[in-house]
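What follows is a single structure, written as structure tokens, with notes after it.
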Amino acid sequence: MTSEARVRLPLSGQRIVLGVTGSISAYKAADLASKLRQAGAELEVVMTPAAVQFIAPLTFQSLTGRDVVVDMFSAREAEAHVEVARRADALVIAPATADCMANLATGRTPDMVTLTALATTAPVLIAPAMDNQMWAHPATQANVATLRERGAEFVGPNDGRLATGRMGAGRLAEPAEIVGALLRLLGLQRGDLRGRRVVVSAGPTHEPIDPVRFVGNRSSGKMGFAIAEAARDRGAEVTLVAGPVALAAPYGVRCISVKTVAEMLCALDEATRESDALVMAAAPADFRPATPADHKLKKEPGQQRMMLELTKNPDILASLPGGGVRVGFAAETQNLAQYARAKLTEKRLDFIVANDVTAAGSGFGTDTNQVTMFYAGGEVEELPLMTKYEVAHAIWDRVAERFGTNA
Ligand code: CTP
């Protein structure tokens, strides 16, 4: 059987309102707007008059293709504050100044951002940005506590260098973190994996030869990270156990970094004790150097060869007793079906996601993958070429079906 290809972006079909207030970090809101659009959001921007001192409404108008409302009295739409607020699936206020939060906490509405916040029933995400002493002030902290109590979510502020040159807490969270926080928030509101604990493994392992060399493989970790992000976006509580990769930890995911198979096994053993699902997308090394040297190995004068003795690593999936719904991967270069079926049985999996890593657009380091699912019941499902994020959702769709039948 063959499934339909579909384009799925994390914020497809979501109407997001971005409220921009008057902070020097308002320029970063342009990057945020662009990232929200790239993630598929239908975006509308509202700004305070103070924000307009820092960045032009035209910037956001160009990024969104829509009018930006600053002054509700001159807005093209009658009752703009109510209409914008009504159609929002979420309101993101980034950057949010101390003054904005004081107004939100007391219900005052001097501008379009606070008006929209008061008139919406959608979830609100606030990304504060200000001087560190303003952030630490009891008045600001009391406002934050009030807003949290009413259900507002916060992302940041981060520690670091502030506009004044001082160091401290007050930097606007990075746009990618704000998008991650929004996806997590929307997932927790209505995702089908809410309340589920899932564990994902990703990336290669590095097995030491000596303190500076290792045996490894070409896994980039992209597939596993996409699986972790997709689960977060559907509301799951996600633990990601990752080997050495050059990828940023996804916001809202508990990340455990490991180097070797032994460390990965230990972390997964702990994480899967109470999990509802385990998706093993990592590429653990099958063998490791038998006797890693504790000092850097030096070559002898004239030495032309070097023998490295390898010993078998444990099979992580086979060693772990449970984990809930168990999903494995099979990266093959030949006899895909035969090898995938053998692994499905040996590793006691509910299904295995197999791919031919030599096929165009599939395998290590790419952003797309073409996979075939082999199920414990014997069925086979070939999926079209998809982005790794879409493959990730295809996996969770099938895990969710199994939750449905196991619940
Ligand atoms: N796996 C594991 N522990 C290992 C090796 C692999 O748990 N030591 C998992 C992988 O994460 C994957 C599945 O087993 O989900 C299949 O991995 P793969 O490397 O394709 O298969 P192997 O069983 O190692 O077999 P081979 O390398 O001979 O193809």
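Here, each number is a calculation from the coordinates, and none is a lab measurement. Keep in mind the model is a prediction, meaning the values are calculated, not measured. FYI the Cβ positions are ideal-geometry reconstructions off the backbone, even for glycines, and counts take in every protein chain you see.
Counting only residues at least eight positions apart within a chain, or on another chain, the aspartates and glutamates with an alpha carbon under 18 Å from that of K299 are D210, E309. Across segment 15-186 the C-alpha pair distances fall into 10 Å bins from zero in the proportions 11, 44, 37, 8, 0 percent.
Net charge within 15 Å of A169 by Cβ-Cβ distance, Lys/Arg positive one each and Asp/Glu negative one each, not counting A169 itself? Around A169, the surrounding residues sum to -1.
Relative to the longest principal axis of the Cα atoms of the chain, the long axis of helix 175-190 lies at roughly 90 degrees. Each peptide in 13-22, 292-301, 114-123 gets a packing score, the mean of other Cβ atoms within 10 Å over its residues, and the list from highest to lowest is 13-22, 114-123, 292-301. Please tell me which of these pairs span more than 25 angstrom C-alpha to C-alpha: K222/K347; K259/K296; K35/K388; K35/K259; K28/K259; K222/K296? Pairs exceeding the cut-off: K35/K259; K28/K259; K222/K296. If you take all other residues with their beta carbon under 14 Å from the beta carbon of S275, and give Lys and Arg +1 and Asp and Glu -1, the sum is 0.
From the alpha carbon centroid of segment 83-118 to that of segment 258-298 is 47 Å.
A cut-off under 15 angstrom between Cβ atoms defines the neighbours of L36, and their net charge, with Lys, Arg +1 and Asp, Glu -1, is -1.
Look at the alpha carbon pairs under 8 Å that are at least 6 residues apart: their mean separation over the length of the chain gives a relative contact order of 13 percent. Note: relative contact order over segment 15-186, using C-alpha pairs below 8 Å and six or more positions apart, is 23 percent. Of all DSSP-defined beta bridges confined to the chain, some 30% are antiparallel rather than parallel.
Remark: D71, D350 ranked as D71, D350, counting other beta-carbon atoms within 10 Å and listing the fewest first. Classify the chain: rounded, prolate or oblate, from the alpha-carbon gyration tensor (a ≥ b ≥ c, eigenvalue square roots; a/c under 1.5 rounded; otherwise prolate if a/b is larger than b/c)? Verdict is prolate for the chain. In the chain, helical runs assigned H by DSSP with n ≥ 4 each contribute -39500 (n - 2.57); averaged across all residues and rounded to the nearest 500, the mean residue ellipticity at 222 nm is -10000 deg cm²/dmol.
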